[in-house]
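Input: a single structure, listed below in structure tokens.
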Amino acid sequence: MIAFKSIAPVLLLICILVQPQNSFAQKKTVEGKNNDVLVLKKVGGFEEYSSTLDLNDSRRQLIMAGQNYQTNYGIYVSLEIEDSSMGSNFKTLKSVEFEIVNYKPTYFIGIDSVVVAAEKSKSELTFKIYTRALSSNRTYSLTKNELKSIHFENGSYLHSERYLNPMFPEKDANGRVIFDSDGLISCQPDNKEAFDFEFFYKDGRHVVRKEDYDQEQLPQTYKNEVSLTLPGKRCKQSFNKVVF
């Protein structure tokens, strides 16, 4: 996970453009027609605060790190590429496998899903990585069908965002996750063995759901002054420079 002090306005604009509501994001794949082509061009502005992703390297490469439930973890990818029809200065992804590594965990965190969120008209691509504590899925794969003609220019950037799903989501009779009217995932605070303290407060028998401070909210005030009682937004995104 990387800090981007000098480019905060740019990152805010990108977040606004590529981030749909959480209630819909996990259901989406690449937008647009099947014959559309997404071309990620070389751009400037991220060089000072980014890591590098080598498309020619078959190793597990770190693309981002995170902390939830007092657990530090890293998310790695292994990539399979092929030549692009656009020429030698471009490569296209054939497959991507994500793997999460937990370091000294309280709860082990896994990967629920990865969504390819693309806006081809703006040449923007984001891997939205949905994680969940107690998930047994340590890996998640994307095939060529999900990647759908994505072409990287040498020196372009891959944008990734991670999202935390509640530990105990409610599901309907068909096994589909249920969403509340506000678009958040409906969930339970515990399973009588573990408590989801990222999403709930508990004091004795008193249990309430925490504020979703990743969402835009009106600032809390006291005597007409802003009361800064909530933490800032989670540091949940990364940029990786693509080289080959």
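The values are calculated or read from the model by the stated rules, or taken from the named source; none is laboratory data. Computed from a predicted model, the values in this text were never measured in an experiment. Heads up, the Cβs are rebuilt from the backbone with ideal geometry, glycines too, and the neighbour counts pull from every protein chain shown.
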Six or more apart or on different chains, Cβ under 7 Å: which pairs go from a residue in the stretch 73-87 that's touching a residue at least 24 places away in the same chain (Cβ under 8 Å) and among the aromatic types (Phe, Trp, Tyr) to one that's in a strand (DSSP E or B) and surrounded by fewer than 14 Cβ atoms within 10 Å (Cβ to Cβ)? Could you list them? TYR73/TYR103
Any residue at all in the stretch 26-49 that is among the β-branched types (Val, Ile, Thr), modelled with pLDDT of 90 or more and more than 18 Å from the chain's Cα centre (by Cα)? no
Subset of the stretch 189-219 [surrounded by 10 or more Cβ atoms within 10 Å (Cβ to Cβ), at pLDDT 90 or above and part of a loop (DSSP other than H, G, I, E, B)]: PRO189, ASN191, ALA194, ASP196, PHE197, GLU198, PHE199
Filter the stretch 51-110 down to residues that are outside any loop (DSSP other than H, G, I, E, B) and of a type in the set (D, E, K, R) and give me whichever is nearest to ALA194 (Cα to Cα). GLU99
What tally of residues in the stretch 111-138 results from selecting those that are of a type in the set (Gly, Ala, Ser) and more than 17 Å from SER160 (Cβ to Cβ)? 4
May I ask you to list the residues in the stretch 131-155 that are surrounded by 21 or more Cβ atoms within 10 Å (Cβ to Cβ) and more than 17 Å from the chain's Cα centre (by Cα)? LYS148, ILE150, PHE152
Looking only at the stretch 127-137, decide whether some residue is of a type in the set (Val, Ile, Thr), in a loop (DSSP other than H, G, I, E, B) and touching a strand residue (DSSP E or B) at 6+ places or on another chain (Cβ under 7 Å). no
Working only within the stretch 112-126, note down all residues that are in a strand (DSSP E or B) and at pLDDT below 90. ALA117, ALA118, GLU119, GLU124, LEU125
Being among the hydrophobic types (A, V, I, L, M, F, W, C) and free of Cβ contacts under 8 Å to residues at least 40 places away in the same chain is the filter; apply it to the stretch 150-176 and report the residue that is nearest to LYS236 (Cα to Cα). PHE168
For the subset of the stretch 156-188 comprising residues that are among the small types (Gly, Ala, Ser) and part of a loop (DSSP other than H, G, I, E, B), which member is farthest from the chain's Cα centre (by Cα)? ALA173
